1. Check segment 179-186 and report whether any residue there is outside any loop (DSSP other than H, G, I, E, B) and in the same structural domain as residue 90 (by TED's automatic domain parsing).
2. If we keep just the residues of segment 46-66 that are modelled with pLDDT under 85 and part of a loop (DSSP other than H, G, I, E, B), which is surrounded by the fewest Cβ atoms within 10 Å (Cβ to Cβ)?
3. Might you let me know whether segment 95-109 holds any residue that is in contact with a helix residue (DSSP H, G or I) (Cβ under 6 Å, 6 or more places away or on another chain) and either assigned to a helix (DSSP H, G or I) or not assigned by TED's automatic domain parsing to the domain that holds residue 192 (or both)?
4. Return only the number of the condition from (1) surrounded by fewer than 17 Cβ atoms within 10 Å (Cβ to Cβ); (2) under 30 Å from residue 24 (Cβ atoms); (3) in contact (Cβ under 8 Å) with a residue 12 or more places away in the chain that residue 70 does not satisfy.
5. Just the residues that are assigned to a helix (DSSP H, G or I) and touching a residue at least 24 places away in the same chain (Cβ under 8 Å), please, taken from segment 1-18.
6. Does segment 139-161 include one or more residues that are assigned by TED's automatic domain parsing to the domain that holds residue 85, under 13 Å from residue 89 (Cβ atoms) and either surrounded by fewer than 19 Cβ atoms within 10 Å (Cβ to Cβ) or at pLDDT 90 or above (or both)?
7. Just to be sure I understand, how many residues within segment 131-167 are free of Cβ contacts under 8 Å to residues at least 40 places away in the same chain and touching a helix residue (DSSP H, G or I) at 6+ places or on another chain (Cβ under 7 Å)?
């Protein structure tokens, strides 16, 4: 007869895909229960925070693994989102160079961190790339919360910060330590997007909600045309 603790462990393991549980569930439950044989613990105990965190991290790695459609989509979403932020940075820098102060709510640090996140992930430096992407997500979340605290969130804030937050979540989740290398074609995609971003504000040097939307659109078009996910992915030497 299963104890309450065993049932709770099995409920926790349901975050894993069904095919993975079919192969590993009994083994994992056995490991979890190996040192928890106290009757009181078996009746009233719960999985530890460390075990829960490790299981959730495993679920993310398995569901977004190399070769799985969800993982590929999340990584393309993350890099496309970061590319959109690079386009917006190029637009911001161009406007600032022509007319002075840009007047948006992004600090220079945000643009620099976006560049670091994109470059690190494409270069295969997953840890600094995820940290930088996470900082972008925190910045977007703080801005949204601050806007909400002051009243209804303005439309421009939603246009900028929601995509940035989604991008950060996708980057942190999808670029785990078992994710595949990134196609080097992304290095060629970035300058094309930057040039397009600069050109988009040369005639009308002003930033607006439309300019923010244009930044994301430029990034999507550049990625769709170049199709970096279809390039041969370099395999690291053993």
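The values are calculated or read from the model by the stated rules, or taken from the named source; none is laboratory data. All figures in this text were calculated on a predicted structure; none of them were measured in a lab. So basically every Cβ, Gly included, is an ideal-geometry build from the backbone, and we count neighbours across all protein chains shown.
1. Within segment 179-186 (the criterion being outside any loop (DSSP other than H, G, I, E, B) and in the same structural domain as residue 90 (by TED's automatic domain parsing)), the answer is yes, since at least one residue qualifies.
2. Once the filter is applied, the top-ranked residue is 66.
3. no
4. (3)
5. 4, 5, 6, 8, 9, 12, 13, 15
6. Within segment 139-161 (the criterion being assigned by TED's automatic domain parsing to the domain that holds residue 85, under 13 Å from residue 89 (Cβ atoms) and either surrounded by fewer than 19 Cβ atoms within 10 Å (Cβ to Cβ) or at pLDDT 90 or above (or both)), the answer is no, since none of the residues qualifies.
7. Total satisfying the criteria: 14.
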